[in-house]
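What follows is a set of notes on a single structure, which appears directly below.
The values are calculated or read from the model by the stated rules, or taken from the named source; none is laboratory data. Owing to the predicted nature of the structure, the values given are computational and were not obtained by experimental measurement. Here the Cβ positions follow ideal geometry from the backbone for every residue, glycine too, while neighbour counts run over all protein chains shown.
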Amino acid sequence: MNKIVVLSGAGISAESGIPTFRGSGGLWEGHDIREVASPEGWRSNPQLVLDFYNKRRKNAREVKPNPGHLALVELEQHFDVQIITQNIDNLHEQAGSQNILHLHGELFKSQSTADPNLVYEIDGWELNWGDTCERGSQLRPHIVWFGEMVPMIEPAMEMSSQADVFIVVGTSLEVYPAAGLIEYVPPLAEIYIVDPGTPRLSPSRNIEFISEKASVGLPLLVEKLTKNNS
Ligand code: NAD
């Protein structure tokens with residue numbers, strides 16, 4: 001069975017009601033990203049950071065997967081599918097996809113500030129100052145912030161290097177190292193980009209561009225791939 005690897009970004013969740021990041025002029029929900037998504041931001045104002053992610057979490061509890069997420073579940077009926085997502089929401093999980101790697105962490109998890117390997121599910125939507133890990137250290141959001149290492153990038157590179165088909169959806173390809181994964185895709189693999197905007201494309205690759213929103217472009221692409229396969 002052909003291996004399909006999907007690299008998803010904020011755009012796939014836009015139609016579910018979670019705004020993208022670049023679309024808002026480099027601000028994330030009105031905040032400079034360095035304030036709310038960097039180790040410096042956490043050090044200078046942890047309460048602002050906790051409040052920011054609490055709001056994101058509260059909103060994310062009310063959103064539902066859209067036809068783009070659901071098309072990727074359908075794809076699993078026909079192919080071996082691996083999703084690599086830059087998103088911190090859980091819409092791929094809610095939709096029912098089986099193999100999901102979160103490159104930038106997960107909104108509904110916390111991690112210890114003393115040991116990033118101590119990771120916990122967040123019950124409800126609030127993470128507060130004073131919430132501690134089993135070793136008594138403050139918990140922070142389980143998010144890979146700008147300027148931090150991306151621990152899951154190695155397995156993501158390995159997955160990308162095994163793709164027969166590589167689908168990029170809803171990502172501006174501006175954020176590294178995620179944007180560099182396309183370079184690990186084997187030369188003979190097919191690459192598709194589904195995005196109504198203009199992501200930064202790799203000139204060295206032969207890419208088929210589907211200039212549609214995820215809810216339209218992914219069902220079309222899934223239909224094409226499954227037809228070609230039958
Ligand atoms: P980005 O905001 O930089 O780019 C979004 C891309 O999605 C753009 O290319 C845009 O043209 C495209 N897009 C917009 N609407 C779309 C639609 N309906 N269908 C398909 N594509 C659409 O996003 P990024 O590249 O993922 O990088 C931003 C960073 O911010 C990531 O690291 C991510 O973790 C984080 N982020 C996550 C979420 C989330 O979890 N849903 C939301 C905002 C930001």
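Quick check on this structure: which one of Pro155, Pro177 is at negative phi and in contact with a helix residue (DSSP H, G or I) (Cβ under 9 Å, 6 or more places away or on another chain)?
Answer to the check: Pro177.
Could you check, for region 124-133, whether at least one of its residues is more than 13 Å from the ligand (Cβ to nearest atom), in a loop (DSSP other than H, G, I, E, B), in contact with a strand residue (DSSP E or B) (Cβ under 8 Å, 6 or more places away or on another chain) and among the small types (Gly, Ala, Ser)?
Looking for residues that are more than 13 Å from the ligand (Cβ to nearest atom), in a loop (DSSP other than H, G, I, E, B), in contact with a strand residue (DSSP E or B) (Cβ under 8 Å, 6 or more places away or on another chain) and among the small types (Gly, Ala, Ser), one finds at least one in region 124-133, hence yes.
Which condition does Ile122 not pass, out of (1) more than 15 Å from the chain's Cα centre (by Cα); (2) free of Cβ contacts under 8 Å to residues at least 60 places away in the same chain; (3) outside the structural domain of Leu221 (by TED's automatic domain parsing), if it passes all the others?
Among (1) more than 15 Å from the chain's Cα centre (by Cα); (2) free of Cβ contacts under 8 Å to residues at least 60 places away in the same chain; (3) outside the structural domain of Leu221 (by TED's automatic domain parsing), the lone unmet condition for Ile122 is (2).
Given the criteria in contact (Cβ under 8 Å) with a residue 12 or more places away in the chain and in contact with a strand residue (DSSP E or B) (Cβ under 8 Å, 6 or more places away or on another chain), does Asn99 qualify?
So Asn99 fits the description; yes.
Give just the number: which of (1) within 16 Å of the ligand (Cβ to nearest atom); (2) among the β-branched types (Val, Ile, Thr); (3) over 16 Å from Ala37 (Cβ atoms) does Val144 not satisfy?
Every condition holds for Val144 apart from (3).
Find all pairs meeting these conditions: Cβ atoms under 6 angstrom apart; at least six residues apart or on different chains; first residue within region 212-227 and modelled with pLDDT of 95 or more; second residue small (Gly, Ala, Ser) and within 14 Å of the ligand (Cβ to nearest atom).
From region 212-227, the pairs are Ala214/Gly68; Ala214/Gly170; Ser215/Gly68; Leu218/Gly68; Leu218/Ala71; Pro219/Ala71; Val222/Ala71.
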